[in-house]
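Right, one structure below, let's go through it.
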Amino acid sequence: MDCIICKNDKQEEDFNEEHVFPESIGGKYKIRTVCKECNSHFGETIDNKFINSGVIRALNHILKIENKNGKVVPYFKDTIVDSKNNSIRLKTFFDNKGNLKDTEFETTVQDTIVRFDESKSLNTILSELKIMYKKGKFPFPKEIENEEDKKRYFLEFIENLKEKFERNEFSSSKDPIDQISTTSEDEIKLESLKISYELTHEILGEEYFNDSLCEVFRKYLVKGKLDSDFEKKIYFKGITESIKNANDFHYFALIKIDNILFSSVILYNTFISIFIVSEDASKYNLKGSLYEIFNESND
């Protein structure tokens with residue numbers, strides 16, 4: 001059996017299930033025509049970059065889509081910096097369902113990093129700091145070694161902390177906390193190209209190997225990146241709808257118009273990609289002009 005990516009003849013045990021729509025975006029439809037090695041290659045060069053990009057990560061969080069480990073991955077990564085004061089950071093904690101569980105603020109006062117929960121009172125924070133100081137766990141700068149200097153530094157630190165707290169500089173209620181995170185068009189194009197290639201093969205069978213456009217698609221997927229000639233070699237039309245109507249709907253269609261075969265890939269009911277997958281539909285024994293695959297299990 002030939003792998004549809006590397007085209008090498010391999011044994012059945014060299015293949016595993018490939019989620020055409022990535023499992024981490026709620027993908028259910030699976031094929032067994034991609035070998036394990038190529039499946040792993042896709043994960044590294046295409047799927048993971050798409051899944052972990054800003055817009056996709058945000059959509060998965062908003063829609064509460066669980067990844068393959070059964071966990072909703074939060075949009076916010078680790079530490080978010082307040083755009084108006086880089087000395088104040090917020091760390092967010094989410095449960096496995098993507099719900100905000102807790103927040104922890106981190107601030108730098110006199111080059112010392114202090115972390116505390118947003119819900120704690122000033123007295124609680126000061127008590128915890130004093131305990132740290134007594135136990136020798138307070139993070140003094142390396143250049144301060146003398147005990148008197150440490151005591152003086154700690155008292156100044158406490159006073160500065162009180163002032164910041166009183167000015168409400170640790171609260172996120174006044175100013176929005178920004179995190180810049182983006183998704184490039186190439187990440188969406190490559191993911192859509194991969195889905196189109198795999199499902200076109202699923203419908204047309206091994207005969208598709210003999211199509212000139214099949215080889216163009218395959219080479220881009222093997223490289224895992226696009227080039228400036230991409231839209232000249234493959235007709236591509238991408239449409240981005242408003243993400244306010246996004247949902248967990250993913251879809252593929254193979255469409256015959258005259259003697260041309262087009263594919264349409266829709267992700268999140270938002271990103272639409274259209275490709276020409278064959279310029280000679282007469283090569284294939286097609287019984288209809290429309291073939292649809294919804295993101296449903298084919299078990």
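The values are calculated or read from the model by the stated rules, or taken from the named source; none is laboratory data. Since this is a predicted model, take the numbers as computed values, not measurements. The accessibility values were calculated without ligands, DNA or RNA, using every heavy atom of the protein model including side chains. Shrake-Rupley method; radii C 1.70, N 1.55, O 1.52, S 1.80 Å.
Return the carbon/sulfur percentage of the accessible area of segment 36-78, one whole number, probe 1.4 Å, all protein chains in place.
Details: 1060 of 2200 Å².
Ligands and nucleic acids excluded, carbon and sulfur reach 48 percent.
Under the 0.36 nm per residue contour assumption, what length would be gained going from the current alpha-carbon distance of N99 and K36 to full extension?
Additional length available on full extension: 19.2 nm.
Find the accessible area per residue for segment 186-299; the probe is 1.4 Å, ligands and nucleic acids are left out, and the unit is Å².
Accessible surface, normalised per residue, equals 49 Å².
Exceeding 22 Å between C-alpha atoms, which entries from my cross-link table qualify? They are K219/K287; K10/K283; K36/K219; K225/K256; K189/K233. Intermediate results must be reported in sequence, preceding the final value.
Values: K219/K287 29 Å; K10/K283 26 Å; K36/K219 18 Å; K225/K256 28 Å; K189/K233 14 Å.
Those over the limit are K219/K287; K10/K283; K225/K256.
Just the accessible area for V216, please: 1.4 Å probe, Å², rounded to the nearest 10?
That residue has around 40 Å² of solvent-accessible surface.
Which sequence of F21, F249 reflects their accessible areas, 1.4 Å probe, from the largest down?
Sorted by accessible area, descending: F249, F21.
Enumerate the calculated ³J(HN,Hα) couplings along segment 128-145 in order (Karplus 6.51 cos²θ - 1.76 cosθ + 1.60, θ = phi - 60°), each rounded to whole Hz, writing x wherever the residue is Gly or Pro.
Karplus values, whole Hz, x for Gly and Pro: 5, 5, 5, 5, 4, 5, 5, 7, x, 10, 6, x, 6, x, 4, 6, 9, 10.
Mind listing the long-range amide H neighbours of C35? Cut-off is under 5 Å, sequence gap 5 or more, other chains count too, H placed in the peptide plane at 1.01 Å from N.
Those lying under 5 Å, H to H, from C35 are I4, I5, C6.
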